[in-house]
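The values are calculated or read from the model by the stated rules, or taken from the named source; none is laboratory data. Keep in mind the model is a prediction, meaning the values are calculated, not measured. No Cβ is skipped: glycine too gets one built from the backbone with ideal geometry, and neighbour counts run over all protein chains shown. Each accessible area value is taken on the protein alone, full model and side chains, heavy atoms only, with ligands, DNA and RNA left out. Shrake-Rupley method; radii C 1.70, N 1.55, O 1.52, S 1.80 Å.
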Amino acid sequence: MNTDVLMISHADEPKITLMNVQTMQAIRTFDLPGRIAVLGASSDRRYGFAIHRDDDCVTVINATEGIVKAICSTAKQPTHFHAHMGHSLIFNDGSGSVMLFEDTKIPRHTVFDVTAPDHGSALLIEDWLLVGYLRRGCVEVYQYPAGEHAQTFEACIALHGAAQVSNHALFGCGDGVLLLTLEGGAFQSVKVPNPADAPPRTRVGRFATHEGRGLALGNFGEGLVVINPDAQTMRVISLPAYPLTFGFDAAGETAIVLTHDGLIRRLTLAGDEIAAEPVAAETSIPRGPDHKARPTFSQHEDHLYITDPEAQALIQVPVTHFAGRHSFDLDFAPGNILTLKG
């Protein structure tokens, strides 16, 4: 294919549809082996990963050719996905292992058996594999590719979520963000604490980053935080509702956030609202820890593509001002969505 594509999971069936982002026509639909828990894209955005946690496997789709590249048998319960600088990593909760893909060698991959079963997150910074564990509340550092253990960092209770900004690794903890910085061949740790006035059980558990900015965004109750690893600071941006999906715009200059009240918002990184537009009825957005699809979005160049599972539609809006929206009907309820290079 010679065009970029939208990769959309079906909310009610184990299927993926590829859509031409220029014509908004479906190119191909794939039947997959089981429920899609996570969608991810390789760092070069040539490959899409559909992670089937309940079925212990991962489907890899080649966006350039528009075909299923491979279905990789994995260890048990593949879950957390992370891609950065030519590598994609998947942590297998049920076996405590990490699958590591190089963009140039997909679907071939290496499996690292690093620990016992846990809910984990894995990153690769230079020649170091970092793995964070929820139940153990710590991060282990291993040499890559040898796999030899090098360092352990404790005191990250209820660890969940990980991100990478340059030579910094960020892990969400119940009481703040654990910041690990590579200096002189070893990692140094700093805990960036939650604000003293943070509501109980409010914490960072999800991140978004931008390669051109030395910052990270994180969820924080009914708000976001802007994390500056170099300055070792975390600043809260209050929102009127819980953030469902968030990220930087393509230039990394503003934050885009879809909140539980059904509005898509564009904010300065100081927290000032630039634009807001309703894209879903608040009453149609499910609450609670279930598998029901909620609206989400992906960005392609100067447009956002927002899923509406209730209406079985895809909404296109310009990033800059959200005016001039277009709605495209689908013959299925969309689940997750991402943009790939065709």
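Scanning region 178-202 for residues that are under 25 Å from GLN143 (Cβ atoms), open to solvent by less than 80 Å² (accessible area, probe 1.4 Å) and in a strand (DSSP E or B) yields LEU178, LEU179, LEU180, THR181, LEU182, ALA186, PHE187, SER189, VAL190, LYS191. Scanning region 214-240 for residues that are open to solvent by less than 10 Å² (accessible area, probe 1.4 Å) and within 22 Å of ALA293 (Cβ to Cβ) returns no hits.
Output yes when any residue across region 258-265 is hydrophobic (A, V, I, L, M, F, W, C) and in contact with an Asp or Glu (Cβ under 9 Å, 6 or more places away or on another chain), and no when none is. Yes, region 258-265 contains at least one residue that is hydrophobic (A, V, I, L, M, F, W, C) and in contact with an Asp or Glu (Cβ under 9 Å, 6 or more places away or on another chain).
Flag set for LEU159, criterion: part of a loop (DSSP other than H, G, I, E, B), hydrophobic (A, V, I, L, M, F, W, C) and crowded, with 20+ Cβ neighbours inside 10 Å.
Residues in region 17-31 that are in contact with a Ser or Thr (Cβ under 6 Å, 6 or more places away or on another chain) and open to solvent by less than 20 Å² (accessible area, probe 1.4 Å): 1 in all.
Residues of region 87-111 that are hydrophobic (A, V, I, L, M, F, W, C) and open to solvent by less than 20 Å² (accessible area, probe 1.4 Å): LEU89, ILE90, PHE91, VAL98, MET99, LEU100, PHE101, ILE106. Listed conditions (1) closer than 20 Å to TYR144 by Cα; (2) crowded, with 21+ Cβ neighbours inside 10 Å are all met by ALA63, apart from (1).
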